[in-house]
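First comes the structure, then the notes that go with it.
Each reported figure results from applying straightforward, stated rules to the coordinates on display, with no laboratory input. Computed from a prediction, not measured in an experiment: that's the story for all the values here. Every residue, glycine among them, receives a Cβ derived from its backbone with ideal geometry; neighbour counts consider all protein chains shown.
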Amino acid sequence: MKIALIADLHANRESVGAVMAHASTQGIDRYAFLGDFVGYGADPGWVVDLVRDHVERGAIAVMGNHDAAVVQGPLPTMIPEARQVVEWTRERLDAEQLAFLAAMPMSVTDADRLFVHANAFAPADWAYVLGRMEAVRSLQSTNARFTFCGHVHDPKLFHLTGTGKIGDFVPSDGMPIPLSEQRRWLVIPGSAGQPRDGNPAACYATFETASSTLTYFRVPYDTESAGAKIRAAGLPQRLARRLEHGE
């Protein structure tokens, strides 16, 4: 089975559409959406409906912090821009869309795979896996061999040996990576809707379960159109610039 790993979609119809079109050429059997379907972008309803449609057909989906904020209210730690978009988004989703977000699980375990938005050690606290220390903590908090998470908008891969040695690296676009059986793995596919590593191309990854092979992809999309929608909606202008520059 080949799984598409798509995280941090952030209401970006242009980028998510490009990712889904690319994934359709990769022989995908199942989709896993790793949270933050809304926030920052101008098309929350379209993205929520897309994810909901795939969930109805067997996809995995977990709640992200922006999804939770829209249905529960923003956390005090959210920056003002994010809080503004949360309020704007809530007014543009209907009751069924809000109910779908509210019903999302914090994590899903499937065989030896854990799917979660932020981390395995405290999913509802939304702590970031920014480096090796957080990665070890996350990997030691689950028995899953593979942990797939979002929240961090840059693609990254961590591995933990049986002796407790942690390693990490930044993957290359389109390069298959065999994941050794002797290690445990934490996979961050990067953001489909708002990359922040200086490359504006959308991020996602695929995972082949039979061979334990992981492949990261970058997908160019129309950042100008996505940014223009943000500006036209009266949302913070910096959010449009971030898309155009991958910030």
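Among the residues of the stretch 213-229, write down those that are among the aromatic types (F, W, Y) and surrounded by fewer than 22 Cβ atoms within 10 Å (Cβ to Cβ). Spell out how you get there, then give the answer.
Within the stretch 213-229, the first condition is being among the aromatic types (F, W, Y), and the residues that meet it are 216-217, 221.
None; the set is empty.
Quick one: which of V129, V108 is of a type outside the set (S, T, Y), crowded, with 18+ Cβ neighbours inside 10 Å and within 20 Å of the chain's Cα centre (by Cα)?
Details: V108 fails: crowded, with 18+ Cβ neighbours inside 10 Å.
Going through V129, V108 in turn, the sole match is V129.
Just name the residue that is surrounded by the fewest Cβ atoms within 10 Å (Cβ to Cβ) out of those in the stretch 7-61 that are out of contact with any strand residue (DSSP E or B) (no Cβ under 6 Å at 6 or more places or on another chain) and on the phi > 0 side of the Ramachandran plot.
Filtering the stretch 7-61 for residues that are out of contact with any strand residue (DSSP E or B) (no Cβ under 6 Å at 6 or more places or on another chain) and on the phi > 0 side of the Ramachandran plot, the one surrounded by the fewest Cβ atoms within 10 Å (Cβ to Cβ) comes out as G58.
Looking at the stretch 132-187, which of its residues are more than 21 Å from K2 (Cα to Cα), surrounded by 20 or more Cβ atoms within 10 Å (Cβ to Cβ) and touching an Asp or Glu at 6+ places or on another chain (Cβ under 8 Å)?
Matches in the stretch 132-187: A135, H151, H153.
Yes or no: P195 surrounded by 15 or more Cβ atoms within 10 Å (Cβ to Cβ), over 20 Å from A82 (Cα atoms), touching a residue at least 40 places away in the same chain (Cβ under 8 Å) and not hydroxyl-bearing (S, T, Y)?
Details: surrounded by 15 or more Cβ atoms within 10 Å (Cβ to Cβ): yes; over 20 Å from A82 (Cα atoms): no; touching a residue at least 40 places away in the same chain (Cβ under 8 Å): yes; not hydroxyl-bearing (S, T, Y): yes.
So P195 does not fit the description; no.
Which condition number does E224 fail, the rest of (1) in contact (Cβ under 8 Å) with a residue 24 or more places away in the chain; (2) in contact with a helix residue (DSSP H, G or I) (Cβ under 9 Å, 6 or more places away or on another chain) being met?
(1)
In the stretch 230-247, which residue that is surrounded by fewer than 18 Cβ atoms within 10 Å (Cβ to Cβ) and basic (K, R) is farthest from E91 (Cα to Cα)?
Per the criteria, the residue is R241.
In the stretch 1-95, which helices (runs of 4 or more DSSP H) lie fully inside it and hold 1 or more residues that are under 14 Å from the mean Cα position of the chain (by Cα)?
Details: elements: 13-23, 44-56, 65-72, 80-90.
Counting at least 1 such residues, we get 13-23, 44-56, 65-72.
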